[in-house]
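Here the structure comes first, spelled out in structure tokens, and everything after it is commentary.
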């Protein structure tokens, strides 16, 4: 089982649609959780951190369920500029590792269509 | 520009040659990470440093790969006897001492093509 698993995608949605991404992680002792955004041929950049209480930033809402080891990202009223790959990232100690490290999912590609 | 910088941005090399990449982190950041990313995959952890100490190396990291951070500032990643399978984007990231919720800042990466 991969340490961090995401929806395989791609997601192709019309402008204005609501889209949800899901992510699960393997280590219940994981410390912190993030969504990063990566544009084509660019570096990943932090979109938002994810807290147990859930958090919202404009059109973006992130949720964490520690009991289910599940993270989600909801994008409302999607824009053309939201087209990118969304990476689920967990600060965890992977199996066999000696320390915590940022562990990335494979990413889910989103294309918002006019 | 006070962000993470990587050099070179692109490198094309022949199989069997050695290559070295450089990363300059954000100056006040203690931790420096190297990741590798191939097409359609998320970044894969390679190694990280806290100041000049290399604290973790991925079990997947071949002996042909070595990294240094001699003065706790910039870091180099060397790949010896490159193979076609080494072709990837190599990303460097830095953070302050990592506590819960710490953001990692990435450089623009070095894209390696082994021919």
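The values are calculated or read from the model by the stated rules, or taken from the named source; none is laboratory data. Just so we're clear, the structure is a prediction, and the values are computed from it rather than from any experiment. For neighbour counting, all protein chains shown are included, and Cβ atoms are generated from backbone atoms with ideal geometry for every residue, glycine included.
A few points about this structure:
- Residues located in segment A:28-64, provided they are under 16 Å from residue A:4 (Cα atoms), part of a loop (DSSP other than H, G, I, E, B) and away from chain B (no Cβ under 14 Å): A:28
- Here the condition is being at negative phi, modelled with pLDDT of 95 or more, within 8 Å of chain B (Cβ to nearest Cβ) and touching a strand residue (DSSP E or B) at 6+ places or on another chain (Cβ under 9 Å); of A:74, A:80, A:87, it holds for A:87 alone.
- Residues in segment A:92-106 that are at the interface with another protein chain (Cβ under 7 Å from one of its Cβ atoms) and not in a loop (DSSP other than H, G, I, E, B) were compared, and the one that is nearest to residue B:49 (Cα to Cα) is A:101.
- When residue A:36 is tested against (1) modelled with pLDDT under 95; (2) within 19 Å of residue A:107 (Cβ to Cβ), just one condition goes unmet, and that condition is (1).
- All positions within segment B:31-60 that are surrounded by fewer than 15 Cβ atoms within 10 Å (Cβ to Cβ), over 26 Å from residue B:114 (Cα atoms) and in contact with a strand residue (DSSP E or B) (Cβ under 8 Å, 6 or more places away or on another chain): B:55
- Residue match in segment A:18-26 (condition: in contact with a strand residue (DSSP E or B) (Cβ under 9 Å, 6 or more places away or on another chain) and within 12 Å of another protein chain (Cβ to nearest Cβ)): yes
- Tallying residues that are at pLDDT 95 or above, outside any strand (DSSP E or B) and over 11 Å from the mean Cα position of the chain (by Cα) within segment B:86-107 yields 2.
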